[in-house]
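Throughout, read-outs are computed from the coordinates displayed, never taken from laboratory work. Note that this is a predicted model, so its numbers are computed, not measured. Note: ideal-geometry Cβ built from the backbone for every residue, glycine included; neighbour counts use all protein chains shown.
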Amino acid sequence: MEIQRELVPSKLEQLVMADKTSVSLRLRSLRSPGTWLTLSWHHQAGRVCLAAAGPLRTGAASEVYGLQEQLSSKLQGLVLLE
């Protein structure tokens, strides 16, 4: 699997929520110093993808940023293992 090959192990450096149904994680690994892993749970367009560039911030709702802050405080600095 490409994600496992490229990003395990890696450290979470940044978390961004562009909208209410997706979160992008900037991960640093030995192979990829700044790869973004995007997870979306949209009911019609859920996806998981890798990208070199970070997401555009399009979300404006305060609950998006509240959730982003909560996730960042809990996940910042954790290491992704298998």
statement: Asserting the computed 222 nm helical MRE of the chain (DSSP H runs at least 4 long, -39500 (n - 2.57) per run, divided by residue count, to nearest 500) equals -7000 deg cm²/dmol
query: For the pair ARG28 and GLU69, what calculated FRET efficiency results from E = 1/(1 + (r/R0)^6), where r is the Cβ-Cβ distance and R0 = 30 Å, to the nearest 0.05?
result: 0.90
- prompt: With the contact rule set at Cα under 8 Å and sequence spacing of 6 or more, what percent relative contact order holds for the chain?
  reply: 35 percent
task: With label points built 7 Å along Cα→Cβ from the Cα atoms of GLU6 and ALA52, find their separation and express it in nm.
output: 1.1 nm
field: Per-selection metrics, the chain (Cα): Rg and Dmax in Å
entry: 12.6, 36
- request: Can you tell me the dipole magnitude for the chain around its Cα centre, using point charges on the Cβ only (Lys, Arg +1; Asp, Glu -1), in Debye to the nearest 20?
  value: 140 debye
